[in-house]
Amino acid sequence: MIARLLSLTLLPLACVPARAANLDIAASYKMKAVSYSNLNLESDKSLHNNHSFITNDARLAIAVKRIVLESRGPEEVTMDVGVTLRALGVTGSTTALQTPFRRVADNYPASNFTPFIENAYLKVIHPLGYPVETTFGRQNYRLGSGLLLDDDGAGLTGASLRGELPWWGMKLEGFAFADRNAQQAPENSLTLYGLTLDLPSEGIWQLNQLFEKDRAIQRIYGCSFDGMGPDGCMVSKAMRSFTSLRYSLNYGPIVFDGEAAIQRGAATPTSAIPAPNHITYQGNAQVVKAKWKQRLPRLGEGIARLSIARGSGDDPSTTTTDEAFFPSHGHRFNGLERSGFGEFFAATPYDAFGGNYTSTSTASGLRDGASGIMVVGGGFTPPAYRGFILDVDYYLFQAEHIRTGPRTLGMEWDLRLRYNIQDRFWIALSAALFDAGMASNPSGAKATKYGLEVFGRF
């Protein structure tokens, strides 16, 4: 199967004239052995949900770049054509992709180590002589910091256009993609489109706009009108709008990245229970990350970091408004693992991984009645010793809204020891120690995640 895909990919590339282009080939492979204990945050050890397995993540990218199409004045009109194959899978467990891992795997076309096409695109640079780039086909795409939109290595099919504006060095980018909402039923339709505007200063100011047109029938937890049960209502024809302002700065020892977003929109109820004409969305979120690099005498460079994030939760007192911030394709996956604040809890401002209980139907993975997540985190990386680097991080998680009781979801310590060679090869050991808060388990619970990771690329 793989040989056939490679031959079909390389055949048209071999026909390209040698003078016209450059052939780039890149490959990478990551293997990670992971062991989770008490994923469901239970106090009783006999009820613990434990998993141990090995994940595989392989990529092969082939691209022909700078194919000269024509000359327009001083600029050449060129084209890039590329294909990226990716394969994800697990070994060592027959149940690794059950709850809660199934939610992660559903983000990708395949998760049984069968190759799928992550990218298949063509990019035209300086079409008609204008200072723009246009990309068509299946491509990787991240909007801003990824708070609103990120394909997470699955690819999005559509088109994007990026160009320079004649004022103050500004750049404008537009995009439109046809995709699906991995959190909903297999057959659904999700259209994503929007734009981003960059304004350089000491750092970069970025204004982002995303529209989601979701035609799937789905559950909304922010509706509680008369006759409606605690599980919310079903809606269709959801139209969501996300607007964010981001500022990023990389100045000497300081690295800063902050983004604030608001969510608006409406959806049509489909429940048989008498309902209003529509349910409205009114959410917001903020994420701030800062890093300080400091050179220590006779030791080397150390790094201190701080993270603060918040996503609004649903207010149960508003009967037809969903205040829970929740984009369909925000960044939260890294292959067959979650990506977020904390190696175990892997929280975003709107959902989390550890604690994805089999008994709950909430999209956020929190207990019923909890919504929205607030995170405060801090970490330190001391100077490397003989090439070995140690990362130490601490996170505190709270629910932004909860019906009754304390809001603390938990606390987590993360330890990571890694050895890196020129960013082409690394090996890392990691440990995550999580203590559940009262909002996750009133009786208290502890959970862990251990990992051994090996990565290489060329």
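Values quoted throughout were computed directly from the atomic coordinates according to the rules given, and no laboratory measurement underlies them. Predicted model only: the values in this text are computed from it and were never measured. In this analysis, Cβ positions are derived from the backbone assuming ideal geometry, glycine residues included, and neighbour counts consider all displayed protein chains.
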Starting from the Cα-Cα distance between LEU296 and LYS446, subtract it from 0.36 nm times their residue separation and give me the gain in nm to one decimal.
-> 50.4 nm
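With contacts defined as alpha carbon pairs under 8 Å and 6 or more residues apart, what's the relative contact order of the chain in percent?
Reported relative contact order: 12 percent.
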Of all chymotrypsin sites (Phe, Trp or Tyr not before Pro) in region 123-185, which ones are in loop regions per DSSP and have a Cβ with at most 11 other Cβ atoms within 10 Å?
-> TRP167, TRP168
Using per-residue counts of other Cβ atoms within 10 Å, averaged over each peptide, order 55-68, 246-259 from highest down.
-> 55-68, 246-259
DSSP-assigned coil residues among trypsin sites (Lys or Arg not before Pro) in region 314-416, each with at most 14 further Cβ atoms within 10 Å | ARG386, ARG403
D for region 22-457, whole µm²/s, Stokes-Einstein with Kirkwood Rh over alpha-carbon pairs at 4 °C and 1.567 mPa s: what number?
-> 55 µm²/s
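Treat every Asp and Glu Cβ in region 37-94 as -1 and every Lys and Arg Cβ as +1, leave all other atoms uncharged, and give the resulting dipole magnitude about the Cα centre to the nearest 20 debye.
The dipole of region 37-94 has a size of about 140 debye.
Say the cut-off is 23 Å between C-alpha atoms; which of LYS291/LYS446; LYS45/LYS449; LYS30/LYS449 go over it?
Violating the 23 Å Cα-Cα cut-off are LYS291/LYS446.
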So, by mean Cβ neighbours within 10 angstrom, what's the order for 72-80, 293-301, 392-400 with the highest one leading?
-> 392-400, 72-80, 293-301
In debye, nearest 20: dipole of region 66-153 around its Cα centre with unit charges on the Cβ of K, R (+) and D, E (-)?
-> 280 debye
Arrange the following residues from fewest to most other Cβ atoms within 10 Å of their Cβ: THR196, THR381.
-> THR381, THR196
State the answer as a single residue: which of GLY369, THR280, PRO100 lies farthest towards the positive end of the charge dipole of region 22-457, with beta carbon charges of +1 for Lys and Arg and -1 for Asp and Glu, about the Cα centre.
-> PRO100
Along the charge dipole of the chain, Cβ charges K/R +1 and D/E -1, which of LEU452, LEU249, LEU190 sits furthest on the positive end?
-> LEU452
With no solvent term and unit scatterers on the alpha-carbon positions of region 362-413, Debye gives log₁₀ I(q)/I(0) at q = 0.25, 0.31 Å⁻¹ of -0.92, -1.14
Helix-only CD estimate at 222 nm, as mean residue ellipticity for the chain, using -39500 (n - 2.57) per DSSP H run (n ≥ 4) = -1000 deg cm²/dmol
Given charges of +1 on the Cβ of Lys and Arg and -1 on the Cβ of Asp and Glu, with all other atoms neutral, how large is the dipole of the chain about its Cα centre, in debye to the nearest 20?
-> 980 debye
